[in-house]
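Visitor: For reference, the structure I am asking about is given below.
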Amino acid sequence: MYAQLVDTGSTHLRSLAELSPQERAFQERIDAGIKIEAKDWMPEAYRKTLIRQISQHAHSEIVGQLPEGNWVTRAPSLKRKSILLAKIQDEAGHGLYLYSAAETLGVSRDQLLDALHSGKAKYSSIFNYPTLNWADMGAIGWLVDGSAIINQIPLCRCSYGPYARAMVRVCKEEAFHSRQGFDIMMSLCKGTPEQKAMAQDALNRWWWPALMMFGPSDAESVNSVQSSAWRIKLFSNDELRQRMVDQTVPQIEYLGLTVPDPDLTFNAETGHYEFGAIDWSEFQQVLKGNGPCNRDRLRTRVKAYEDGAWFRDALVAHADKAEARQASAPQAA
Ligand code: BYC
């Protein structure tokens, strides 16, 4: 099993009758759509689940800068370079909002970063794939950020206030990211046959990993039942994955590209596209650390952190000096 499995203290979803009075009052607040705030009482398992999900999400934003960072110096024009830089900078900001949201649950930034750097914490599988050419910048913005929006819009209504509020701004920025990706794909598809072939190649390589981003199938999703009861998850992994396929296939057709799935069919009765089998063994390998870029991503991330030590030390020294200066200054009457 590829789950880290936060011990939620129970092996099945307990009914209201099985909960303690405090837990029942908590669940009733959630059922009534009332947000839980940092200082409110919460079951330990709710806290741990949120720390797990929010920190994985934060790590994904931070590690997610790396595949795109690879192309900043090789963007085809000044305009594309500025847009890409702005997007990557947004991802850093998203990571910071999310680390702050996790910190409201009583975990420190250092603990979270230690977990990432030691390889204990997960981040999204999608960032363990290589970016081989410029078309990958289009495919990431369009498919990866597009999928992120589909997953994150419901999170703006999740039960934990600080996470929900962080998501509102993140989603606004993701909408720009996804449009810039589609714009790159449009330019390539309207370009030379070689450029269109680059777009198709990028779609071929990113399509299946983007579908895997939504997590294992509902039957395999160990955290879903409890997270749904706590309204951390408002839709299941499979529901959101289906939404992505239904939304993206017409865009692929509009671009004049081919969906890299010979089994894809449209079911006129349900109004949904039915897609071929996902290779879950690939997903499991990536989660175990054996994806094409896992080791490289972690090495790069740890090096960046270590290289920045002098700067963090300088900030602390500056803050200490400022505090000492303030303490020794004569008090105003
Ligand atoms: N990759 O029981 P399940 C972005 C793990 S950032 C890796 O369904 P859950 C962007 C899962 O953690 C996008 N691991 O779990 C950034 C669990 O293991 P643990 C990031 C995955 O939590 C920069 C196990 O599999 N978005 O878009 O109920 C540039 C069983 O899964 C993945 C978020 O983080 C995966 N894809 O549901 C551009 C959104 N999927 O923890 C773009 C917030 C599953 O028990 N997170 N696992 O050891 C969520 O919505 C949920 O956590 C998930 C998984 C839907 C991802």
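The values are calculated or read from the model by the stated rules, or taken from the named source; none is laboratory data. These numbers come from a predicted model, not from an experiment. For neighbour counting, all protein chains shown are included, and Cβ atoms are generated from backbone atoms with ideal geometry for every residue, glycine included. Keep in mind that these areas ignore ligands, DNA and RNA; they rest on the heavy atoms of the full protein, side chains included. Shrake-Rupley method; radii C 1.70, N 1.55, O 1.52, S 1.80 Å.
Visitor: Treat the chain as a sphere of radius equal to its Kirkwood radius over Cα pairs and apply Stokes-Einstein at 10 °C in a medium of 1.306 mPa s; give the translational diffusion coefficient in µm²/s, rounded to a whole number.
Guide: Answer from the Stokes-Einstein relation: 73 µm²/s.
Visitor: Compute the orientation-averaged projected area for segment 172-232 from the convex hull of its Cα atoms and round it to one decimal in nm².
Guide: Over all viewing directions, segment 172-232 projects a mean Cα-hull area of 5.7 nm².
Visitor: Sticking with this structure for a sec: Assign one of three labels to segment 92-181, namely rounded, prolate or oblate, based on the Cα gyration tensor with a ≥ b ≥ c the square roots of its eigenvalues; rounded applies when a/c is under 1.5, prolate when it is not and a/b is larger than b/c, and oblate otherwise.
Guide: oblate
Visitor: Projected onto the charge dipole of the chain (+1 at Lys/Arg Cβ, -1 at Asp/Glu Cβ, origin at the Cα centre), which of Pro162, Ile150, Thr73 gives the Cα projection farthest towards the positive end?
Guide: Of Pro162, Ile150, Thr73, it is Thr73.
Visitor: Give the relative contact order (percent, whole number) for the chain; include only Cα pairs under 8 Å separated by 6+ residues.
Guide: Averaging sequence separation for qualifying contacts and normalising by length gives 18 percent for the chain.
Visitor: Given only helices, namely DSSP H runs of n ≥ 4 each adding -39500 (n - 2.57), what is the per-residue ellipticity at 222 nm of the chain, to the nearest 500 deg cm²/dmol?
Guide: It comes out at -19000 deg cm²/dmol, rounded to the nearest 500.
Visitor: Just round it to a whole percent: the fraction of Cα-Cα distances in segment 124-281 exceeding 24 Å.
Guide: Beyond 24 Å sits 36 percent of the P(r) for segment 124-281.
Visitor: Could you tell me the accessible area of Lys122 in Å² (1.4 Å probe, neighbours in place), rounded to the nearest ten?
Guide: 50 Å²
Visitor: Now for a separate question. Would you please give the residues with an amide H less than 5 Å from that of Phe266, counting only those at least 5 places away or on a separate chain, with H modeled from the backbone geometry?
Guide: The answer is Glu274.
Visitor: Once you wrap a convex hull around the alpha carbon atoms of segment 51-208, what is its projected area averaged over all directions, in nm²?
Guide: Dividing the Cα hull surface by four gives the mean projection, 9.1 nm².
Visitor: If you take all C-alpha pairs in segment 279-322, what percent of them are over 15 Å apart?
Guide: 61 percent
Visitor: Right, something else. Note down the net charge around Gly256, summing +1 for each Lys or Arg and -1 for each Asp or Glu among other residues with Cβ under 14 Å from its Cβ.
Guide: Net of charged neighbours comes to +1.
Visitor: Could you please state how large a percent of the accessible area of segment 26-180 is carbon and sulfur, counting protein chains only and using a 1.4 Å probe?
Guide: Within segment 26-180, the accessible surface is 57 percent carbon and sulfur.
Visitor: Quick one: check the C-alpha center-to-center distance for segment 200-269 versus segment 104-151, whole angstrom.
Guide: That distance is 17 Å.
Visitor: Filter Lys39/Lys321; Lys35/Lys233; Lys87/Lys196; Lys81/Lys303; Lys120/Lys288 down to the pairs with a C-alpha to C-alpha distance above 20 Å, please.
Guide: Table pairs above 20 Å Cα-Cα are Lys39/Lys321; Lys87/Lys196; Lys81/Lys303.
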